[in-house]
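Scroll down for the structure; my scribbles are underneath it.
The values are calculated or read from the model by the stated rules, or taken from the named source; none is laboratory data. None of the values given here were measured: they were computed from a predicted structure. Cβ: placed from backbone, ideal geometry, glycine included. Neighbour counts: every protein chain shown. When the accessible area is computed, the model is the full protein with side chains, heavy atoms only, and any ligands, DNA or RNA have been set aside. Shrake-Rupley method; radii C 1.70, N 1.55, O 1.52, S 1.80 Å.
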Amino acid sequence: MADPNCDLNSPLLHDRAPEVSLDVNGFIDRGSEAATTPPENPFEFLGVPPLALPPMSPVDPFRNHTPTIAGLYEWCKTILCLPIAAVRLVLFGIVIAVGYLATVAALCGWKDKQSPMPLWRCRAMWITRLCARCILFSFGYHWIKRKGKPASREIAPIVVCNHVSYIEPIFFFYELFPTMVASESHDALPFVGTIVRAMQVIYVDRFSPQSRRLAIHEIKRKASSNEFPRVMLFPEGTTTNGRFLISFRLGAFIPGLPVQPVVVRYPYIHFDQSWGNANLLKLMFRMFTQFHNFMEVEYLPVVFPDESKQQNTVHFAERTSYSMANALNVLPTSHSFGDMILLTRASELAKERCSNYMVEMAWVENSFNISTSEAVVILERFLSMNPDSFGRVELHGFLNAYGLGCSPLSEKIFGYLDLEKKRSITFRQFLTGSAQIRKQPSFWRACETAFAQCSSDDTMDHTSLEQIGRVIQSTSHGAVNSETLRQLFDTDADVYVSKDDFMECLQKNPLLIALFAACVNDP
């Protein structure tokens with residue numbers, strides 16, 4: 001029976017106060033609770049704008065998708081292949097020894113390592129190159145599918161390739177015998193170091209600007225001369241899982257010479273062959289215990305520098321990256337080698353969900369002018385705040401790390417980073433917030449002014465922890481932990497805080513400059 005109180009003109013829902021409403025800024029109003037407004041910017045006195053970050057990419061380009069042996073099929077296959085693995089290991093040891101002896105013989109008496117290797121020595125290296133192919137065979141790469149052809153040395157003196165595993169350098173050593181760019185640490189590897197030297201490798205220390213400049217000079221010198229082999233680089237700078245293409249380093253593109261891109265794929269069903277963040281020995285064992293490992297190599301058309309934009313190295317690298325990403329059918333990301341360093345550091349400190357500490361370092365470097373080594377220092381400070389299993393730090397952990405009590409100013413500093421208003425911050429917010437403050441032109445002047453205000457006329461070259469504590473207390477109106485203060489400012493433990501100590505502390509912890517705002521504004 002119809003409700004006598006209802007008719008066609010009656011509203012279906014009766015009027016009542018809304019329980020939840022959402023405004024255009026994303027602030028939720030529950031009942032009569034007022035929307036929260038953003039906190040005052042405590043760094044406005046430096047001209048620092050409010051922190052704003054794009055959404056973080058959810059991908060992890062370094063994650064190996066089969067880190068352990070899983071499933072009945074894989075366990076049965078592994079056990080069945082153990083005798084095969086033993087034979088392959090013996091073969092691996094034999095060919096490494098033969099290749100090493102052949103390389104020693106080819107290099108014997110050769111002193112001038114800066115000049116091209118004589119032709120007869122290059123021919124003698126064919127023995128080592130065949131040993132490299134045998135190494136691939138021992139790892140289960142019985143045949144390798146190729147598509148396209150390498151361009152001649154005269155057309156494309158530089159070759160670039162995506163980097164998924166340690167297999168690619170072995171393959172290209174056999175296929176092209178190029179000059180590669182490698183870390184200086186490779187030279188110290190037993191057996192391998194000697195073979196690497198025969199390739200006239202260009203060594204580089206990635207953390208040394210001078211070393212990088214010298215490496216770029218060598219790339220240009222060797223690529224410009226047809227007497228040297230072609231130069232090969234892995235512009236990603238580290239290995240990924242092959243499902244993404246991370247940001248390119250620019251060393252291959254600065255010379256402005258034609259580049260041939262090559263892409264490598266490792267199709268699989270049960271065993272992900274990517275190195276990424278996987279353990280090397282476990283990865284080798286898994287390769288030894290596979291019936292066959294698949295590998296595909298595709299040589300792409302040569303990419304020439306744009307005549308109208310020949311000096312635009314970034315544009316050249318982007319066009320090459322797009323060509324490779326299109327061939328691989330993958331997405332490029334703003335991650336870089338720096339993210340792998342952060343990931344590794346978090347793993348060393350036994351942190352859970354280490355991928356939460358990646359920040360898309362290529363974007364961070366370009367936007368905030370901060371290096372990977374500086375980011376690692378800031379990461380260690382963040383990890384001292386006792387983040388939870390999701391990599392988030394709450395207010396009390398933040399304050400304890402700086403020895404601060406709860407006060408309006410310290411909450412404003414924390415609120416500056418807490419973009420999501422969750423009362424917790426991520427490492428990405430902490431890093432970019434710190435970097436944005438430090439890159440301001442007025443930051444260093446403010447640090448010098450703060451030190452001058454903390455020191456007296458009699459001791460202009462140093463100050464005391466007590467004086468620093470008094471200044472901070474007068475600004476923040478909160479308690480200060482003297483022991484934490486000593487660890488932050490008195491790095492050499494000599495009781496006094498020199499100007500260098502003071503500046504170094506604020507360089508590593510730029511958020512602390514807000515504690516000296518009063519003396520900076522009113523010197």
> Expressed as an acute angle from 0 to 90° and rounded to the nearest 10, what is the orientation of the C-alpha long axis of helix 209-223 relative to the principal long axis of the chain?
Replying inline: 30 degrees
> Not counting the cut sites, what is the longest span of the chain without chymotrypsin sites (Phe, Trp or Tyr not before Pro) that DSSP labels loop and that have at most 16 other Cβ atoms within 10 Å?
Replying inline: 391-523
>> Can you compute log10 of I(q)/I(0) for the range 175-272 with the Debye formula, treating each Cα as one identical point scatterer, at q = 0.16, 0.17, 0.19, 0.20 Å⁻¹?
In response: -0.78, -0.87, -1.05, -1.14
>> Can you compute the FRET efficiency between S482 and S115 using 1/(1 + (r/R0)^6), with r the Cβ-Cβ distance and R0 = 51 Å? Round to the nearest 0.05.
In response: 0.20
> R0 = 22 Å: FRET efficiency of I94 with I127, Cβ-based, nearest 0.05?
Replying inline: 0.95
> In whole percent, what relative contact order does the range 440-521 give with Cα contacts below 8 Å and a gap of six or more residues?
Replying inline: 37 percent
> T372: accessible area at probe 1.4 Å, nearest 10 Å²?
Replying inline: 20 Å²
>> Quick check: the angle from helix 499-508's long axis to the longest principal axis of the chain, C-alpha only, nearest 10 degrees?
In response: 80 degrees
>> I need the phi-derived Karplus couplings for the range 80-93: 6.51 cos²θ - 1.76 cosθ + 1.60, θ = phi - 60°, integer Hz, Gly and Pro marked x.
In response: 5, 8, 4, x, 5, 4, 4, 5, 5, 5, 4, 4, 4, x
>> If I model a spin label as a point 7 Å beyond the Cα along the Cα-Cβ vector, how far apart are those points for S474 and K422 in nm?
In response: 3.9 nm
>> Whole angstrom only: what separates the Cα centroid of the range 468-503 from the Cα centroid of the range 230-259?
In response: 45 Å
> Any idea what % of Cα-Cα pairs in the range 43-126 are farther than 16 Å?
Replying inline: 77 percent
>> Full-extension gain between A493 and T449, please, as 0.36 nm times their residue separation minus the C-alpha to C-alpha distance.
In response: 13.5 nm
> For the chain, which span is the longest to avoid every loop-located (per DSSP) member of GluC sites (Glu not before Pro) having at most 14 other Cβ atoms inside 10 Å?
Replying inline: 228-351
> Karplus couplings for the range 63-70 from phi (6.51 cos²θ - 1.76 cosθ + 1.60, θ = phi - 60°), rounded to Hz, Gly and Pro as x?
Replying inline: 6, 7, 8, 9, x, 10, 6, 9
>> Taking just the alpha-carbon atoms of the range 227-372, what radius of gyration and Dmax come out, in angstrom?
In response: 17.1, 52
>> I'd like the orientation of helix 427-438 relative to the chain: the angle between its Cα long axis and the longest Cα principal axis, in ° from 0 to 90, rounded to 10.
In response: 80 degrees
> Over all pairs of distinct alpha carbons, what does the Kirkwood formula give as the hydrodynamic radius of the range 337-438, in Å?
Replying inline: 13.7 Å
> Which ³J(HN,Hα) values, rounded to whole Hz and listed in residue order, are derived for the range 381-390 from phi using the Karplus coefficients 6.51, -1.76 and 1.60 in 6.51 cos²θ - 1.76 cosθ + 1.60 with θ = phi - 60°, glycine and proline given as x?
Replying inline: 5, 5, 5, 6, 8, 6, x, 7, 5, 9
> For the chain, what is the calculated [θ] at 222 nm in deg cm²/dmol (nearest 500), taking -39500 (n - 2.57) for each run of four or more DSSP H residues and dividing by its residue count?
Replying inline: -13000 deg cm²/dmol
>> With Kirkwood's inverse mean 1/r over C-alpha pairs for Rh, give me the Rg to Rh ratio of the range 409-523, two decimals please.
In response: 0.97
> Between rounded, prolate and oblate, where does the range 72-332 land on the alpha carbon gyration tensor, with a ≥ b ≥ c its root eigenvalues, rounded for a/c under 1.5, else prolate if a/b exceeds b/c?
Replying inline: oblate
> For A350 and Y73 in one chain, what is 0.36 nm times their gap in residues minus the Cα-Cα distance, to one decimal in nm?
Replying inline: 96.6 nm
> Accessible area per residue, 1.4 Å probe, Å², for the chain: what's the number?
Replying inline: 51 Å²
> If you average 1/r over every pair of different alpha-carbon atoms in the range 158-206 and take one over that average, what Kirkwood value in Å do you get?
Replying inline: 11.3 Å
>> Could you work out the percent of alpha carbon pairs in the chain separated by over 43 Å, rounded to a whole number?
In response: 36 percent
